[in-house]
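Everything on this sheet refers to the single structure shown next.
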Amino acid sequence: MHGHFDSQRKYTLAHDRRFAASADHLLFEGVDLTLLPARFGSPLYVYSAPEIRRNIAEIRDAFAEHPATRICYASKACSLLAVLQVVLLQQ
């Protein structure tokens, strides 16, 4: 089982721009994930405002030749006010 975890960790670090490792700690957008439960409690969901912005920019760039394209977000997917604010500010 440990081998599967290690291969998944290596794959994630190599392919997911949000994650990095430093001193055997997993970083998410440069934040040490081991520090978050002590500050915010557990269980904990962590969202990335920079990733949301990057995703919207990538969609906007992909459809740049189609100026009438509207980017919409299904708030049922995640209705957290902080996430919705990030999305709305990108419009």
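Once the other residues with Cβ under 12 Å from the Cβ of R9 are scored (Lys, Arg +1; Asp, Glu -1), what is the net sum?
On the way: positive: K10; negative: D6, D16, D24.
Around R9, the charge tally is -2.
Residue-wise HN-Hα couplings along segment 78-88, as the Karplus relation 6.51 cos²θ - 1.76 cosθ + 1.60 with θ = phi - 60° gives them from phi, are 6, 9, 5, 4, 4, 5, 4, 5, 4, 5, 5 Hz; Gly and Pro carry x.
For L26, the residues whose amide H sits under 5 Å from its own are L33, T34, ignoring neighbours fewer than 5 places away on the same chain, with H placed 1.01 Å from N.
Let me have the 222 nm mean residue ellipticity of the chain computed from DSSP H runs of 4+ only, each contributing -39500 (n - 2.57), with the sum over all residues rounded to the nearest 500. Present the calculation step by step, with values, prior to reporting the outcome.
Values: 4 runs with 42 residues, N = 91.
Helices in the chain give a 222 nm mean residue ellipticity of -14000 deg cm²/dmol.
Excluding ligands, DNA and RNA, the accessible surface per residue across the chain is 81 Å² with a 1.4 Å probe.
Using only C-alpha atoms and all pairs of different ones, pull out the Kirkwood radius for segment 1-59 in Å with one decimal. Present the calculation step by step, with values, prior to reporting the outcome.
Values: mean 1/r = 0.0771 Å⁻¹.
Across segment 1-59, the inverse of the average 1/r is 13.0 Å.
Just the protein heavy atoms count here, and of the accessible area of the chain at 1.4 Å, carbon and sulfur take up 59 percent.
Evaluate the relative contact order of the chain (contact order divided by residue number), counting alpha-carbon pairs under 8 angstrom at least 6 apart; express in whole percent.
17
Averaged over residues, the count of other Cβ atoms within 10 Å places the peptides 65-72, 16-23 in the sequence 16-23, 65-72, highest first.
Computed over segment 13-91, the percent of Cα pairs more than 20 Å apart is 47. Surface listing: Y73, Y45, Y11 arranged by accessible area from highest to lowest gives Y45, Y11, Y73, probe 1.4 Å.
Rounded to whole numbers, the Karplus 3J(HN,Hα) couplings from phi for segment 31-38 are 9, 5, 5, 6, 7, 5, x, 5 Hz, using 6.51 cos²θ - 1.76 cosθ + 1.60 with θ = phi - 60°, and x at Gly and Pro.
The values are calculated or read from the model by the stated rules, or taken from the named source; none is laboratory data. Note that the structure is predicted; figures quoted are calculated from it, not measured. Counting neighbours? That spans all protein chains shown, and the Cβs are built from the backbone with ideal geometry, glycine included. Side chains are part of the model used for accessible areas, which takes the heavy atoms of the whole protein and leaves out ligands, DNA and RNA. Shrake-Rupley method; radii C 1.70, N 1.55, O 1.52, S 1.80 Å.
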